[in-house]
């Protein structure tokens, strides 16, 4: 059984796959046993063929394919379900998260209290367009005010969490943006860890500012309702 599963959702990222795989391997080989689970969200380019070809160079690599396009949250969900390790790290497939930061999250886990089940990357310096940075800043401020999740950056794809806890969370589309609040709702804690962020060098972003805004408003209302309705009770066996 691997000690860590790295789950990477991708949609039309064929040019970013080889370099990101090389970086994941460089960051983790020799440090711990790991697997890499790529989940292709029915890409319309040849991402799937590129991934299959990379398996010859990376024995740690597993490739899952959505038969129909289902979105990033579903790709993460299915990747975590398929993972063989009790701990899972996630990365965006566009190469903007640096795999070299995964050991930072693991080090934070090793010194944290046992109740901390999520270690969330915090992009202290964003390498995105002005519109993307300002929309993210507004979204984070509104989310923090409504959910009180004490997390400065939930949009970072780089995260480390306990698989069992993740699978206990309510599933819905876009849930990956609200993991700190959902983990808090389940009775656990999260910790933000400063990580790097890089400009996209290949491919293009799949989301615009208006897409994030309108979907985010609906999601916030739903997650706020879930938070209000949560009830966590300690159980003792006699």
Exercise. Of all the residues that make up the stretch 60-79, how many are buried (at least 20 other Cβ atoms within 10 Å of the Cβ), touching a strand residue (DSSP E or B) at 6+ places or on another chain (Cβ under 8 Å), modelled with pLDDT of 95 or more and closer than 17 Å to residue 172 by Cβ?
Worked result: 3
Problem set entry | Those helices (runs of 4 or more DSSP H) lying entirely in the stretch 105-211 with at least 2 residues modelled with pLDDT of 75 or more | 163-168, 179-185
For this session: With respect to residue 26, determine if the residue is more than 24 Å from residue 170 (Cβ to Cβ) and free of Cβ contacts under 8 Å to residues at least 60 places away in the same chain.
Result: no
Problem set entry | Failed criterion for residue 38 (all others in (1) within 16 Å of the chain's Cα centre (by Cα); (2) within 19 Å of residue 203 (Cα to Cα); (3) outside any strand (DSSP E or B) hold) | (3)
For this session: Please specify each residue of the stretch 70-91 satisfying the condition of being under 18 Å from residue 60 (Cα atoms) and not in a helix (DSSP H, G or I).
Result: 83, 84, 85, 86, 87, 88, 89, 90, 91
For this session: Output yes when any residue across the stretch 32-48 is in contact with a helix residue (DSSP H, G or I) (Cβ under 9 Å, 6 or more places away or on another chain), within 25 Å of residue 104 (Cβ to Cβ) and surrounded by fewer than 18 Cβ atoms within 10 Å (Cβ to Cβ), and no when none is.
Result: yes
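The values are calculated or read from the model by the stated rules, or taken from the named source; none is laboratory data. Note that this is a predicted model, so its numbers are computed, not measured. Please note: Cβ atoms are built from the backbone with ideal geometry, for glycine as well, and neighbour counts cover all protein chains shown.
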